[in-house]
Amino acid sequence: MRVSGDRVVQTGTLQELGPEAAGDTLRDIPDAVIMPGLINAHCHLELGMARGMLPRCEAFPMWVSRLRKSLDGAGPLQYREAARLGALECLKHGTTTVVDVGNTGESLAELAGIPIRSYPHLELIGLDPEVAAQRVSAALERLAGLPPATQRYHPGVTCHAPYSCSPELLRKVAETAGLRAGPYTLHVAESAEETAMFREGRGALFEFCRRIHPGLRMQQRESPVSFLNRNGLIPKGSLFAHCNHVDAEDIRILAETETSVVHCPRSRAFFNHGGFPLELLRRAGVNLCLGTDSLASNEGLSLFDEMAEFHREHPAVPSREILAMATVNAAKALGLAGALGCLRPGAQADFIAIEMRHHPEYDLYEEIVSEAHDVLLVAVGGEEVVS
Ligand SMILES: [Zn+2]
């Protein structure tokens, strides 16, 4: 591969690349696969300090309470440190782009100074429609105080989920110019409790939300996806995390709105969420990506581990398709098909080299997605950041 500045210029055999030109630096990496850097389409880096502290398979509201307790006393410095360590862990494991979400906003400031390609989002929550306008204007002010966006750094604002935000807040964030960086991202249809809240107006999550906002009423009996769609709250090309509990009609809406779905296999297993109708989603042509979610519901931030978990759960899915979820599909979700997640002339030179002695009798993609790898080199925009 020949790289110039931040772009890939040419790929091929050494012979095809031709002789070295003056000023070229030749790097030979034996017994390695050079491949696109991976894209983590959903994570919460600032929650890293809760790593290993929360028990598995607990009801979601209980997890939230424990998470809050484990973060008790943490201030801006701790959140920034967690975001920094998380980003470095991502790079070390070959992830060159992250779509990050955080309540405190500290990761937005921290990621500006780290050589990973990032889409950090300040995440808004608020069921009281009265607070929507004030939350959005405070978020705009916060954004204005951040370092300016660059080729690598794209700060923005998002909402948490349809169950934790009023339709007014969801609408304002979806529509306010200047808030968005990359696609509109949201947690949707993650748990059975969320479905019970929307479809039946009851359950542990509904009670939890009603304790926070006693005025909460579920007017319609419908799925979270249908609720969003009916209210015009799915901008074309959105990026929804989870979608574990979606039915055929939800999937039709996701396909129609060209919404990408970020599947988080290890976080889903941590919560024992179940669901995730993979075959229906694939058949409808929904663009599927991979994410790690946070270290409060996952043991690590490696997308190789995430791909391996997915491969174990779904051995019939072609390995090449699994790799696409962490590369070209995620790039498409970011509106950067052809520019990220692939190594072709003109693409961003976000690439990694993983240690691998290829055995021609095995499928190369299978070898890549089925286990963890030592990452020998990581480059973002042509700059070696791990080597
Ligand atoms: Zn999440």
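None of the figures in this text is laboratory data; all of them are computed from the coordinates on show. Keep in mind it's a predicted model, so treat the numbers as computed, not measured. No Cβ is skipped: glycine too gets one built from the backbone with ideal geometry, and neighbour counts run over all protein chains shown.
List of remarks:
- Shape index of segment 218-294: Rg/Rh, with Rg the Cα radius of gyration and Rh the Kirkwood radius from the inverse mean 1/r over Cα pairs, equals 0.96.
- Length gained on full extension, residue 130 to residue 358, computed as 0.36 nm times the residue gap minus the Cα-Cα distance: 76.1 nm.
- Dipole magnitude for segment 1-152: about 260 debye, using +1 per Lys or Arg Cβ and -1 per Asp or Glu Cβ, origin at the Cα centre.
- With contacts taken as Cα pairs under 8 Å and at least 6 residues apart, the chain reaches a relative contact order of 23 percent.
- Gyration tensor over alpha-carbon atoms, segment 327-387, equivalent ellipsoid semi-axes in Å: 23, 16, 10
- Taking 25 °C and 0.890 mPa s as conditions, segment 261-387 diffuses translationally at an estimated 157 µm²/s according to Stokes-Einstein applied to its Kirkwood radius (Cα pairs).
- Among 215, 182, 335, the largest mean-square fluctuation in a Gaussian network model of the chain, built with springs joining Cα atoms closer than 10 Å, belongs to 215.
- Charge-dipole axis of segment 1-98 as Lys and Arg at +1 and Asp and Glu at -1 on Cβ define it, positive-most pick from 52, 41, 83: 52
- Relative to the globular-protein estimate of 2.2 N^0.38 Å, the Cα radius of gyration of segment 180-228 stands at 1.24.
- Highest-MSF residue in the chain out of 376, 14, 336 [GNM, Cα springs under 10 Å]: 14
- Mean projected area in nm² (Cα convex hull; one quarter of hull surface) for segment 34-193: 10.3
- Checking every one of the GluC sites (Glu not before Pro) in segment 330-387 against DSSP loop status and a limit of 10 other Cβ atoms within 10 Å picks out 361.
- Restricting the trypsin sites (Lys or Arg not before Pro) of segment 1-52 to loop positions (DSSP other than H, G, I, E, B) with no more than 13 neighbouring Cβ atoms within 10 Å leaves 27.
- Long-range Cα-Cα pairs in the chain (distance over 38 Å), rounded percent: 17
- Axis of helix 303-313 versus longest Cα principal axis of the chain: the two differ by about 70°, to the nearest ten degrees.
- On Cα atoms only, tilt of 132-144 relative to the major axis of the chain in degrees: 30
- Computed over neighbours whose Cβ is under 11 Å from that of residue 97, the net charge equals 0, Lys and Arg +1, Asp and Glu -1.
- Net dipole in debye of the chain [+1 Lys, Arg Cβ; -1 Asp, Glu Cβ; about Cα centre; nearest 20]: 1200
- Modelled label reach - residue 137, point 7 Å along Cα→Cβ, segment 179-202 residues with backbone N closer than 14 Å: none
- Rough spin-label spacing in nm, given labels placed 7 Å along Cα→Cβ, for residue 365 and residue 272: 3.4
- Point-charge dipole on Cβ atoms (K/R +1, D/E -1) for segment 173-258, about Cα centre, debye to 20: 320
- A Förster distance of 56 Å, applied to the separation of the beta-carbon atoms of residue 248 and residue 22, puts the FRET efficiency at 0.40.
- Over all pairs of different C-alpha atoms in segment 102-232, the reciprocal of the mean inverse distance, the Kirkwood hydrodynamic radius, equals 15.6 Å.
- 3J(HN,Hα) along segment 195-204: 4, 4, 5, 7, 7, 10, x, 7, x, 4 Hz, from the Karplus curve 6.51 cos²θ - 1.76 cosθ + 1.60 with θ = phi - 60°, whole Hz, x for Gly and Pro.
- Over segment 149-294, the reciprocal of the mean inverse Cα-Cα separation, the Kirkwood hydrodynamic radius, stands at 15.7 Å.
- Helix 76-92 and the longest principal axis of the Cα set of the chain meet at an angle near 40°.
- Bridge type composition, the chain - antiparallel percent by DSSP, nearest 5: 35
- If the segment from residue 151 to residue 92 were pulled out straight at 0.36 nm per residue, it would be longer than the present Cα-Cα gap by 19.1 nm.
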